[in-house]
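I have placed the structure first, in the form of C-alpha coordinates, so that the comments after it can refer back to it.
The values are calculated or read from the model by the stated rules, or taken from the named source; none is laboratory data. Treat the numbers as computed from the prediction; the structure is a model and nothing was measured. With ideal geometry, Cβ positions are generated from the backbone for all residues, glycine too; neighbour counts draw on all protein chains shown.
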Amino acid sequence: MVLADTHMRAGSSRRLPEAVYRLLDGADVILHAGDLVDASVLDILEAIAPTYAVLGNNDHSLGGRLPVTRTLELDGVSVAMIHDSGAPAGRPRRMHRRFPEAAIVVFGHSHIPLATTGVDGQRLFNPGSPTERRSQPHRTAGVVELADGAVRDTRIVTVDD
(Lines give C-alpha, C1' and ligand atoms only; values in the text may rest on other atoms or scores of the structure.)
Protein backbone atom coordinates (compact mmCIF):
# COMPACT_ATOMS: atom_id res chain seq x y z
CA MET A 1 0.00 0.00 0.00
CA VAL A 2 1.33 3.42 -0.93
CA LEU A 3 0.29 6.79 0.48
CA ALA A 4 1.54 10.35 0.23
CA ASP A 5 0.39 13.80 1.20
CA THR A 6 -2.02 12.83 3.97
CA HIS A 7 -1.52 16.25 5.63
CA MET A 8 -3.09 15.18 8.95
CA ARG A 9 -2.55 16.79 12.34
CA ALA A 10 -3.34 15.29 15.73
CA GLY A 11 -6.65 16.62 16.99
CA SER A 12 -7.80 17.66 13.51
CA SER A 13 -11.06 16.46 12.00
CA ARG A 14 -9.20 15.28 8.89
CA ARG A 15 -8.93 11.51 8.76
CA LEU A 16 -8.02 8.80 6.31
CA PRO A 17 -11.03 7.65 4.29
CA GLU A 18 -12.52 4.25 5.15
CA ALA A 19 -11.48 3.04 1.69
CA VAL A 20 -7.84 3.57 2.72
CA TYR A 21 -8.33 1.45 5.84
CA ARG A 22 -9.83 -1.31 3.69
CA LEU A 23 -6.73 -1.23 1.47
CA LEU A 24 -4.42 -1.11 4.49
CA ASP A 25 -6.13 -4.17 5.94
CA GLY A 26 -4.43 -6.41 3.39
CA ALA A 27 -1.10 -4.57 3.20
CA ASP A 28 2.15 -6.40 3.89
CA VAL A 29 4.04 -3.08 3.93
CA ILE A 30 3.03 0.58 3.88
CA LEU A 31 5.07 3.18 2.01
CA HIS A 32 4.39 6.87 2.70
CA ALA A 33 6.03 9.38 0.39
CA GLY A 34 5.95 12.31 2.79
CA ASP A 35 3.79 15.13 4.10
CA LEU A 36 2.35 13.10 6.93
CA VAL A 37 2.61 16.40 8.89
CA ASP A 38 2.25 14.79 12.33
CA ALA A 39 3.87 11.76 13.98
CA SER A 40 0.42 10.45 14.91
CA VAL A 41 -0.11 9.44 11.27
CA LEU A 42 3.09 7.43 11.31
CA ASP A 43 2.00 5.79 14.58
CA ILE A 44 -1.37 4.80 13.07
CA LEU A 45 0.27 3.27 10.02
CA GLU A 46 2.99 1.46 11.98
CA ALA A 47 0.29 -0.21 14.10
CA ILE A 48 -1.19 -1.72 10.91
CA ALA A 49 1.92 -2.96 9.04
CA PRO A 50 5.64 -2.25 8.72
CA THR A 51 5.83 1.34 7.49
CA TYR A 52 8.56 3.14 5.57
CA ALA A 53 8.23 6.89 5.09
CA VAL A 54 10.27 9.85 3.89
CA LEU A 55 10.29 13.45 4.99
CA GLY A 56 7.99 15.83 3.14
CA ASN A 57 8.25 19.60 2.92
CA ASN A 58 5.47 19.95 5.55
CA ASP A 59 6.92 17.39 7.99
CA HIS A 60 8.65 19.96 10.19
CA SER A 61 8.19 17.98 13.42
CA LEU A 62 9.49 14.74 11.86
CA GLY A 63 12.93 15.99 10.82
CA GLY A 64 14.88 13.70 13.12
CA ARG A 65 12.60 10.72 12.60
CA LEU A 66 12.35 10.43 8.81
CA PRO A 67 15.01 10.51 6.08
CA VAL A 68 14.75 12.77 3.03
CA THR A 69 15.25 9.78 0.72
CA ARG A 70 15.13 6.07 1.33
CA THR A 71 16.08 2.95 -0.58
CA LEU A 72 15.02 -0.48 0.50
CA GLU A 73 14.57 -3.96 -0.88
CA LEU A 74 11.13 -5.56 -0.74
CA ASP A 75 10.49 -9.01 -2.21
CA GLY A 76 13.78 -8.74 -4.08
CA VAL A 77 12.83 -5.37 -5.62
CA SER A 78 14.87 -2.21 -5.09
CA VAL A 79 12.47 0.56 -4.05
CA ALA A 80 13.47 4.22 -3.77
CA MET A 81 11.42 6.89 -2.03
CA ILE A 82 11.52 10.69 -2.13
CA HIS A 83 8.85 13.29 -1.46
CA ASP A 84 9.48 15.81 -4.23
CA SER A 85 10.67 14.40 -7.54
CA GLY A 86 10.74 17.84 -9.15
CA ALA A 87 9.05 19.11 -12.28
CA PRO A 88 7.43 16.61 -14.65
CA ALA A 89 9.78 17.66 -17.46
CA GLY A 90 12.93 15.59 -17.11
CA ARG A 91 11.60 13.52 -14.18
CA PRO A 92 12.35 10.09 -15.70
CA ARG A 93 16.02 10.91 -16.31
CA ARG A 94 16.38 12.77 -13.01
CA MET A 95 14.97 9.87 -10.97
CA HIS A 96 17.08 7.34 -12.86
CA ARG A 97 20.24 9.37 -12.21
CA ARG A 98 19.38 9.77 -8.53
CA PHE A 99 18.28 6.14 -7.98
CA PRO A 100 19.97 4.12 -10.76
CA GLU A 101 19.44 0.73 -9.08
CA ALA A 102 15.78 1.25 -8.16
CA ALA A 103 13.16 -0.73 -10.04
CA ILE A 104 10.50 1.69 -8.74
CA VAL A 105 10.64 5.23 -7.38
CA VAL A 106 7.78 6.25 -5.09
CA PHE A 107 7.17 9.97 -4.62
CA GLY A 108 4.49 12.50 -3.73
CA HIS A 109 4.29 16.28 -3.30
CA SER A 110 2.16 17.19 -6.33
CA HIS A 111 -1.00 15.34 -5.23
CA ILE A 112 -1.20 14.18 -8.86
CA PRO A 113 -1.44 10.39 -9.16
CA LEU A 114 0.99 8.85 -11.63
CA ALA A 115 1.93 5.30 -12.55
CA THR A 116 4.32 5.27 -15.50
CA THR A 117 7.54 3.78 -16.80
CA GLY A 118 10.69 5.88 -16.99
CA VAL A 119 14.26 5.30 -18.16
CA ASP A 120 15.36 1.67 -18.63
CA GLY A 121 12.01 0.38 -17.41
CA GLN A 122 12.21 2.10 -14.01
CA ARG A 123 8.68 2.57 -12.65
CA LEU A 124 7.66 6.00 -11.34
CA PHE A 125 4.77 6.03 -8.91
CA ASN A 126 2.91 8.84 -7.15
CA PRO A 127 -0.22 7.67 -5.30
CA GLY A 128 -1.74 11.17 -5.17
CA SER A 129 -3.41 12.15 -1.90
CA PRO A 130 -6.17 10.37 0.02
CA THR A 131 -7.17 13.56 1.84
CA GLU A 132 -6.46 16.56 -0.46
CA ARG A 133 -7.44 16.02 -4.07
CA ARG A 134 -6.66 19.65 -4.98
CA SER A 135 -7.12 19.89 -8.77
CA GLN A 136 -7.61 16.15 -9.22
CA PRO A 137 -11.07 14.62 -9.71
CA HIS A 138 -10.66 12.14 -6.83
CA ARG A 139 -8.74 11.44 -3.66
CA THR A 140 -6.39 8.53 -4.30
CA ALA A 141 -3.98 6.00 -2.86
CA GLY A 142 -1.75 3.43 -4.48
CA VAL A 143 -1.24 -0.28 -4.58
CA VAL A 144 2.07 -1.77 -5.67
CA GLU A 145 2.49 -5.51 -6.01
CA LEU A 146 6.01 -6.90 -5.84
CA ALA A 147 6.94 -10.56 -6.17
CA ASP A 148 9.97 -12.65 -7.06
CA GLY A 149 12.20 -9.65 -7.65
CA ALA A 150 9.81 -7.82 -9.99
CA VAL A 151 7.21 -5.07 -9.93
CA ARG A 152 4.07 -7.03 -10.87
CA ASP A 153 1.52 -4.22 -10.75
CA THR A 154 1.04 -0.56 -9.85
CA ARG A 155 -2.46 0.81 -9.42
CA ILE A 156 -3.98 4.14 -8.47
CA VAL A 157 -7.12 3.58 -6.39
CA THR A 158 -9.90 6.11 -5.86
CA VAL A 159 -10.61 6.39 -2.12
CA ASP A 160 -13.54 8.81 -2.09
CA ASP A 161 -16.01 7.58 0.52
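Summary table below
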read-out	value
Subset tally (residues that are in contact (Cβ under 8 Å) with a residue 24 or more places away in the chain and either farther than 19 Å from PRO67 by Cα or not β-branched (Val, Ile, Thr) (or both)) for segment 27-41	10
The one condition in (1) closer than 12 Å to HIS32 by Cα; (2) at pLDDT below 95 that GLY142 fails to fulfil	(2)
Segment 35-94: number of residues that are closer than 26 Å to ASP148 by Cβ, of a type in the set (Asp, Glu) and within 12 Å of the chain's Cα centre (by Cα)	0
Some residue of segment 78-94 being among the hydroxyl-bearing types (Ser, Thr, Tyr) and either out of contact with any strand residue (DSSP E or B) (no Cβ under 8 Å at 6 or more places or on another chain) or at positive phi (or both)	no
Selection count where residues are touching an Asp or Glu at 6+ places or on another chain (Cβ under 8 Å), assigned to a strand (DSSP E or B) and surrounded by fewer than 21 Cβ atoms within 10 Å (Cβ to Cβ), scope segment 102-145	2
THR71 surrounded by fewer than 21 Cβ atoms within 10 Å (Cβ to Cβ), of a type in the set (Ser, Thr, Tyr) and in contact with a Leu (Cβ under 9 Å, 6 or more places away or on another chain)	no
Filter result (free of Cβ contacts under 8 Å to residues at least 24 places away in the same chain, more than 14 Å from ALA103 (Cα to Cα) and in contact with a strand residue (DSSP E or B) (Cβ under 9 Å, 6 or more places away or on another chain)) within segment 134-161	PRO137, HIS138
Output for segment 77-101, where each listed residue is assigned to a loop (DSSP other than H, G, I, E, B) and crowded, with 16+ Cβ neighbours inside 10 Å	HIS83, ASP84, SER85, PHE99
Meets criteria (surrounded by fewer than 18 Cβ atoms within 10 Å (Cβ to Cβ), charged (D, E, K, R), in contact with a His (Cβ under 8 Å, 6 or more places away or on another chain) and not in a loop (DSSP other than H, G, I, E, B)) for ASP43	no
Subset of segment 2-40 (residues that are surrounded by fewer than 16 Cβ atoms within 10 Å (Cβ to Cβ), over 19 Å from THR158 (Cα atoms) and acidic (Asp, Glu))	ASP28
Considering residues of segment 54-65 that are closer than 18 Å to PRO127 by Cα and out of contact with any Gly (no Cβ under 7 Å at 6 or more places or on another chain) only, the residue surrounded by the fewest Cβ atoms within 10 Å (Cβ to Cβ)	ASN57
Whichever residue in segment 18-37 is modelled with pLDDT of 95 or more and assigned to a loop (DSSP other than H, G, I, E, B) and, among such residues, is farthest from ILE112 (Cα to Cα)	ASP28
